[in-house]
Amino acid sequence: MTQAADTHARYPTLTSGQYAFFFDVDGTLAAIQSRPEAVFIPEQVIAQLQQLSALSGGALALVSGRPIEQLDALAAPWHGPAAGVHGAERRDAEGNLQRISLPTEVEQPLRAELQEAMASWPGTQLEIKGMAFALHYRQAMQHEQDVMRLAEQSVKRFPGLALQPGKCVVEIKPAGIDKGAAIGDFMQQSPFAGRTPVFIGDDLTDEKGFLAVNERQGVSIKVGEGSSQADYRLSDVDAVYGWLERTLLLLEQDNVGKEFRL
Ligand SMILES: [Mg+2]
């Protein structure tokens, strides 16, 4: 880890306590790839997430812009609480799935318009998520302005929609849906309730999550550079892996200590 990336940040060391863990996926648990379908979480990291979940009474959730179906494929064999599409889909610890969808009279014409416009800009990619659309332009930076303008116009024309800009992507999703609300919903339910929330993310979409965690006196951790509401910082995905390993050791020791005292 270079010092330069962490000049105004602190390395998060958890003290002994009861935590609820929330992880963003892309750019946090998995390195960004030029194609979203090439992204993977290393096997060892998945095993560590499972251990961390077991040490936390199952209070560990993935919170991502991807649909839950993709999260399950990325994190298999782990299959636990998750918020997909920024919280438009949420699966709780009991396995109950809730989904917020766009009305058909909005979804269908919007989809047709987006498909037509995006097809005219080579290299851009329209991802249809059911209750949201992601307009990718990583391979076509020359169309960034076109894509942003299209997204802004769509949100103005159809009520109940909101924009969610990210890295080389802008998403159109139902208004009121964000990672902060998703974390807030988890924190009202077992096994999350009563624990101290910890959230790690790398992108603009994670800022609402950081605020939700800060409001609950939790631990908010930003991955990478750029201004953020998060209290702590890790420089990159590898630093997240290192932190995960150290946190596991610490919580394991804490557990052994508790058993010893019994
Ligand atoms: Mg991310």
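Of the residues making up the stretch 47-61, those that are without any contact (Cβ under 8 Å) to a residue 40 or more places away in the chain and within 21 Å of S190 (Cβ to Cβ) are Q50, S53, A54. In the stretch 224-235, the residues that are of a type in the set (K, R) form Cβ pairs under 7 Å with partners that are in a strand (DSSP E or B) and open to solvent by less than 20 Å² (accessible area, probe 1.4 Å), at six or more places apart or across chains, as follows: R233/I221; R233/K222.
Evaluating P191 against the criteria (1) away from the ligand (no atom under 16 Å from the Cβ); (2) modelled with pLDDT under 95; (3) not hydroxyl-bearing (S, T, Y) leaves one unmet condition, (2).
No other residue among G84, G65 is of a type outside the set (A, V, I, L, M), buried (at least 19 other Cβ atoms within 10 Å of the Cβ) and at pLDDT below 95 apart from G65. For the stretch 80-90, the count of residues that are of a type in the set (V, I, T) and under 26 Å from L211 (Cα atoms) is at least one. Of the residues making up the stretch 174-187, those that are over 15 Å from the mean Cα position of the chain (by Cα) and more than 16 Å from Q18 (Cβ to Cβ) are P174, A175, G176.
Can you name every residue in the stretch 98-131 that is hydrophobic (A, V, I, L, M, F, W, C), free of Cβ contacts under 8 Å to residues at least 60 places away in the same chain and open to solvent by less than 50 Å² (accessible area, probe 1.4 Å)? Once the filter is applied, which keeps residues that are hydrophobic (A, V, I, L, M, F, W, C), free of Cβ contacts under 8 Å to residues at least 60 places away in the same chain and open to solvent by less than 50 Å² (accessible area, probe 1.4 Å), the stretch 98-131 yields V106, L114, A117, M118, W121, L126, M131. For L71, state whether it is within 16 Å of the ligand (Cβ to nearest atom), within 21 Å of D206 (Cβ to Cβ) and buried (at least 19 other Cβ atoms within 10 Å of the Cβ). Yes.
Considering only the stretch 170-177, I want to know if a residue exists there that is touching a Pro at 6+ places or on another chain (Cβ under 9 Å) and at pLDDT below 95. Checked against the condition, which is being touching a Pro at 6+ places or on another chain (Cβ under 9 Å) and at pLDDT below 95, the stretch 170-177 yields at least one hit.
Considering the stretch 1-25, the residues that are of a type in the set (S, T, Y), part of a loop (DSSP other than H, G, I, E, B) and under 23 Å from the mean Cα position of the chain (by Cα) include one that is modelled with the highest pLDDT, namely T13.
Q33 meets the conditions (1) within 15 Å of the ligand (Cβ to nearest atom); (2) outside any helix (DSSP H, G or I); (3) touching a Leu at 6+ places or on another chain (Cβ under 6 Å) in every case but one. The failed one is (3).
If only residues of the stretch 152-167 that are surrounded by 12 or more Cβ atoms within 10 Å (Cβ to Cβ) and of a type in the set (D, E, K, R) are counted, the one that is nearest to the chain's Cα centre (by Cα) is K167.
Yes or no, residue by residue, for (1) surrounded by fewer than 20 Cβ atoms within 10 Å (Cβ to Cβ); (2) of a type in the set (D, E, K, R):
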site	(1), (2)
A181	yes, no
Q189	yes, no
G194	yes, no
K208	no, yes
L211	yes, no
A239	yes, no
E245	yes, yes
E252	yes, yes
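The values are calculated or read from the model by the stated rules, or taken from the named source; none is laboratory data. Just so you know, these numbers come straight off a predicted model, no measurement behind them. Note that we place each Cβ from the backbone using ideal geometry, even for glycine, and neighbour counts take in every protein chain shown. These accessible areas exclude ligands, DNA and RNA; they are computed on the full protein's heavy atoms, side chains included. Shrake-Rupley method; radii C 1.70, N 1.55, O 1.52, S 1.80 Å.
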